[in-house]
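No lab work stands behind these numbers, since they all come straight from the coordinates. Computed from a predicted model, the values in this text were never measured in an experiment. Note that we place each Cβ from the backbone using ideal geometry, even for glycine, and neighbour counts take in every protein chain shown.
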6 protein chains.
Amino acid sequence: MTNAHGPRHVVVRNIERAPLTVLDQLATVGTATVHEAIGRRGYVGPHITPIQQGTKIAGSAITVLTHPGDNGMIHAAVEQCTAGDILVVASTAPSTHGMFGDLLAASLMTRGVRGLVIDAGVRDTADLREMGFPVWSQHVSCQGTVKNTPGSVNVPIRLGEQMVDPGDVVCADDDGVVVVARREADWALEESNERLANEEQMRSRLGAGELGLDIYGLRDKLAALGVEWVDTLDG
Amino acid sequence: MTNAHGPRHVVVRNIERAPLTVLDQLATVGTATVHEAIGRRGYVGPHITPIQQGTKIAGSAITVLTHPGDNGMIHAAVEQCTAGDILVVASTAPSTHGMFGDLLAASLMTRGVRGLVIDAGVRDTADLREMGFPVWSQHVSCQGTVKNTPGSVNVPIRLGEQMVDPGDVVCADDDGVVVVARREADWALEESNERLANEEQMRSRLGAGELGLDIYGLRDKLAALGVEWVDTLDG
Amino acid sequence: MTNAHGPRHVVVRNIERAPLTVLDQLATVGTATVHEAIGRRGYVGPHITPIQQGTKIAGSAITVLTHPGDNGMIHAAVEQCTAGDILVVASTAPSTHGMFGDLLAASLMTRGVRGLVIDAGVRDTADLREMGFPVWSQHVSCQGTVKNTPGSVNVPIRLGEQMVDPGDVVCADDDGVVVVARREADWALEESNERLANEEQMRSRLGAGELGLDIYGLRDKLAALGVEWVDTLDG
Amino acid sequence: MTNAHGPRHVVVRNIERAPLTVLDQLATVGTATVHEAIGRRGYVGPHITPIQQGTKIAGSAITVLTHPGDNGMIHAAVEQCTAGDILVVASTAPSTHGMFGDLLAASLMTRGVRGLVIDAGVRDTADLREMGFPVWSQHVSCQGTVKNTPGSVNVPIRLGEQMVDPGDVVCADDDGVVVVARREADWALEESNERLANEEQMRSRLGAGELGLDIYGLRDKLAALGVEWVDTLDG
Amino acid sequence: MTNAHGPRHVVVRNIERAPLTVLDQLATVGTATVHEAIGRRGYVGPHITPIQQGTKIAGSAITVLTHPGDNGMIHAAVEQCTAGDILVVASTAPSTHGMFGDLLAASLMTRGVRGLVIDAGVRDTADLREMGFPVWSQHVSCQGTVKNTPGSVNVPIRLGEQMVDPGDVVCADDDGVVVVARREADWALEESNERLANEEQMRSRLGAGELGLDIYGLRDKLAALGVEWVDTLDG
Amino acid sequence: MTNAHGPRHVVVRNIERAPLTVLDQLATVGTATVHEAIGRRGYVGPHITPIQQGTKIAGSAITVLTHPGDNGMIHAAVEQCTAGDILVVASTAPSTHGMFGDLLAASLMTRGVRGLVIDAGVRDTADLREMGFPVWSQHVSCQGTVKNTPGSVNVPIRLGEQMVDPGDVVCADDDGVVVVARREADWALEESNERLANEEQMRSRLGAGELGLDIYGLRDKLAALGVEWVDTLDG
């Protein structure tokens, strides 16, 4: 997005979203399972962590691209949010600023927004926890921001190790954040449910004392790779 | 502080402090608000984090400058502490050592000290939480220390991104640590209270569905900066 | 462990362990005290942190050496575990992968394993906390793994700043992880108990208002090192 | 790229490339200018640095997606390389391994490959410099690798802050690496040349003593933003 | 520096500087020696490194405080620079942006400025080395900047571990950057020269085979601290 | 190494070393080759880097264990050094201090010491390069040190990812540092020479245009692992 005179800055009003029923079901699956189910993809990385414990959500991404230390575009994004959305904020360069606090959360909660994912910092974390507005961020920081530099809303952004398109499904829990392409949402749910069933069965067998070594057929495979079972290190 | 033969090391006995009533009121404000109120200053950075959750304090800084891995001067500082103080420990070079544990906390609690801020590590964190002695540190670490190298108490120190003079007001909560110059304490409280009132009003308006985009007059400003509202990315 | 054609990979079946009674007593001591008691040694470093709060364990190390992003050898290790053990996993190079989750925990719990220490990542952390299976790790990460590359079980490994031999005693709590050589386990317990008694006495004296400065004889020592007590900084 | 049973792994043989004449001209521009010319985009970040000094290249990306510590797919990629290409290697998770050395460089040089960009490590760096094979990497590391885990060649990959499609133009010099979409290569060259002309003119004016403050009209802009020119800090 | 409505932003025109003759002599001393001579103070830390090798400078600090990713205030600072100055740029929060390149260097060179020290990034590093304009920075980065947010020139700033006042003496070489308070410049030079003489003498004695152990009287001191000389580890 | 009252501190005078002829030959091999030859072991990690370029050495480790910021024990170690040795310094906790400079280098050069490896910082780097004394360190830093805290010489230490025993062979070049157990030195040289011969042959074949894919038999192996060769991504 550029023109001859620099980057182009837009707020895109109309985006497509996955159905709420799919979001609601993906929310309960858990990020690790969704990540595995879609082919070990979509994880944004361990640097984005929750400020609360025990919360699991999924929603449609409203994306924001901001200049470091400038949260004006987050305000522009609020207007584009609706029930079931998750605000996903990326910076044009690394930033530790506290870009988001309890006032913006109050604003988002009136619109039914389910949470925030941001690659910079947040503040008022005690209030956010008390309000029940869930946040996944790279930093917690008091550092205040300005509103001077243009950016964009609902354009493709990079968040950690993933690209996020507006309307993509964002799943978040204690393990972090996983992104599912909007068009793959149905398939992801299907694959996740299949995996959940398999995991349930595995849990039973392992809980009954069976070994992964046997269930996965690893004994022969490891031996073929050169692993030897010995009685002692010198054996 | 040097003489011809190396750094000079002192323990300064008499320092000025802000009034307890001002400290007590600043404690309730919250670091993010104080930081904004005094002109977006005073934040020590996101690397100093609390070992507990939900605690808010303010107090007068008793400053300590130590050699990495040497906590002898922390013991020297205890004697200079009185009710309402916060111990603020900086190292002459980066250190991860566990410089402070439950015994020093017990000692400080008998003097009415409100907490510890340290740019190195602490240990006995389960005990510290159980004792209710609040700590903000850069690391949690078992690594033990020695008592071999001189340092200073109640001299100006650098803590993260801030200089701290003895007697400065230290505010700390879940968002981190903010330092207010002692002579600005009254003004900081005044500005903070004004800001709290504004935030309260903002919270009401945002909670009623108004947008920051309108309240802050950002629509025209962002448009003037080149932001375009479009229906679709190609629009 | 090599042969002419590359690293040698083994699973060692028989290792010696410290007595369970010693493990159980060391578990209650706390890592900081054990670390001090054995001469300020054994701490693996501040990068290995617990995913839960308030848990204290000790156990015999079952060691695993894995290729980054490959957890096949963890499955091989499960079979070698028995009641009172702690699984200790190291990587041949830095890794952030989520190498371990609730299924492996279920498997280990049936065998009476007390916890996991790993220099990579774990996932399903909400489930692990709910199951009560304690974990100390370097990362929390969804990132899935493969089972393609050989490694070893019950060989000496490096975990952070320490070497760990199979059967060594691993102590872990909110302050992190400390390793005690198996042959030093009895002595470590003895020294720890002696230190606990001293600490108890110190706690009483400090709680009664005595100063570490006096108890440790630091006044004269610091003065000899050049520290001066002055009334003001210019004094 | 997945199927129902995990990630799908492919080596794509046919990719489109930008014309060599465009690559050759972009090579001389320099990364900072290209980055500005295309709207301040395409920079992969400061963590990818050259192992040599004073080399400027541009080429068509042959992309590789590898498992950490496994360089089998780099060998698969060599066959897909032709004159004017640059090998671009990304890992499925962070890795410090030395994935590439003088033997692979010898292989690539016979095919006219212009260099390597990798988000992991390289080794034999003294040899690589002597051979004149340029490399930009995240690490220098001896750590050896295996050839056990599948990956892909010529699929879209994420390299630092950018997505790279096979055939995209990679520009690299002492400032790092910038990626230009293949379809934008002509336009990028045009914009770069325009910018070079402007920079040349600016250089003359600044070298003659004119101020950026005047040339960019910053005096009024900064004043409007609240900047005051004063004689002394108290003035 | 605040008023009731936020941070105050100023460009201060008149600052005091140390005499050029003192700067020129301090330039030749080397940072490590100056740092020791003034009591082991003034070092900004190992994260600020030179982009060139073998250059030693000293000059008067023209300080700049900027918003991350915004270099408008650097242009404002150029006008305040004169022969013998060094531009010292700090950010209000961490930043990796390429804030400075060859055009700004050309501008500064016409005014006799001796170099740049910056806690963010620079670009055009090949050109800067060719031009002979020395730079010490935290990052090398292509990432472009804007000119939208006010800041200040010639106010006290924090640079790594040090506070820098305008007019302070900045010494920089291959070991990094050391700051000397302007009022201590004469004394620092005197102490440095004394130390240089001592070091010269030490160099002769050590080069003749004498041991630091003897020259510094460390044998007895270490023995008193508990060090034992033994023939073998078991000895 | 402890006694009942804390860590025990010793300087061990007599250590065994590998023959100089073996050291001299290992020096020419290069660290990456030695690392591979001994089973992909011994590499200390990418954080220890050379301050010079193009130097290759090998020598017998004289080990030093120091308190952070305290270089007294390095002076004690000098006396234990002889021709062919390399000084290897580890800290009891992370440290960035400049523990070593040109005076200590002068002292070591009179004894025929071949270089320094240190997990902390060094200073006087321009002088060290000019003197031709090679150094591998974790940091470059001016930060001065004290001589107050006991440590040990010629005891086993941990250096990055490796344990180093006194007398072990240290190999260092532009790729970093590899440690070879003293008793394995002969075998390591033999394996290295064999590997060098193989590499030479590989270099010829690859330089003649053969592919690693064919030489290593990777086509079938990768296909068996699920890699497909396709004409286009959709193919």
For the residues B:ASP234, F:ASP214, C:ASP175, what sequence is obtained by ranking on other C-beta atoms within 10 Å, fewest first?
-> B:ASP234, F:ASP214, C:ASP175
Distance in nm between pseudo-label sites at C:ARG8 and E:GLN201 (7 Å out along the Cβ direction from Cα) = 6.0
Ranked by GNM mean-square fluctuation in chain B (Cα springs under 10 Å), the top entry among B:VAL135, B:VAL170, B:VAL11 is B:VAL11
When each copy gets a label point 7 Å from Cα toward the beta-carbon at D:PRO156, what are the spacings between them in nm, shortest first?
-> 0.4, 4.9, 5.2, 5.2, 5.4
What residue among A:LEU128, A:LEU103, A:LEU23 has the largest mean-square fluctuation in a Gaussian network model of chain A, using Cα springs under 10 Å?
-> A:LEU103
What is the magnitude of the charge dipole of region A:26-163 about its Cα centre, with +1 placed on the Cβ of each Lys and Arg, -1 on the Cβ of each Asp and Glu, and no other charges, expressed in debye to the nearest 20?
-> 240
For the axis mapping D onto A, the chain D residue whose beta carbon sits nearest, plus its rounded distance in angstrom, comes out as D:MET163, 3
Relative contact order computed over region D:2-183 (Cα-Cα under 8 Å; 6+ residues apart), in percent | 33
What does the charge count near E:SER60 come to, summing +1 for each Lys or Arg and -1 for each Asp or Glu among other residues with Cβ under 10 Å from its Cβ?
-> 0
How large is the helix-only mean residue ellipticity at 222 nm for chain F, computed as the sum of -39500 (n - 2.57) over DSSP H runs with n ≥ 4, divided by its residue count, in deg cm²/dmol to the nearest 500?
-> -9000 deg cm²/dmol
Exam field: C:GLY54 pseudo-label spacings to other copies (7 Å along Cα-Cβ), nanometres = 1.1, 1.1, 6.4, 6.4, 6.5
Under 12 Å from E:LYS221, Cα to Cα: aspartates and glutamates that are on another chain or at least 8 residues apart = none
Quote the FRET efficiency, to the nearest 0.05, computed for F:THR28 versus C:THR21 with a Förster distance R0 of 45 Å and r equal to the Cβ-Cβ distance.
-> 0.20
Cα gyration tensor of the protein assembly as shown, axes a ≥ b ≥ c as square roots of the eigenvalues: rounded (a/c below 1.5), prolate (a/b > b/c) or oblate?
-> rounded
If one computes the Cα centroid of region D:152-178 and of region D:97-133, what distance in Å separates the two points?
-> 17
Label distances, nm, D:GLY132 versus same residue in remaining copies, Cβ-directed 7 Å point | 2.9, 2.9, 6.9, 7.0, 7.5
What spacing in nm lies between the two simple spin-label points modelled at A:ASP214 and C:ASP220, each 7 Å away from Cα in the Cβ direction?
-> 7.0
For the D:ASP234, D:GLU194 Cβ pair and Förster radius 51 Å, calculated FRET efficiency rounded to 0.05 is 0.65
Place a +1 charge on the Cβ of each Lys and Arg in the protein assembly as shown and a -1 charge on the Cβ of each Asp and Glu, then give the dipole magnitude about the Cα centre in debye, rounded to the nearest 20.
-> 0
The rounded separation in angstrom of the Cα centers of region B:206-221 and region B:19-44 is 27
Taking R0 as 35 Å, what's the FRET efficiency between E:MET109 and D:TRP187 from their Cβ-Cβ distance, rounded to 0.05?
-> 0.55
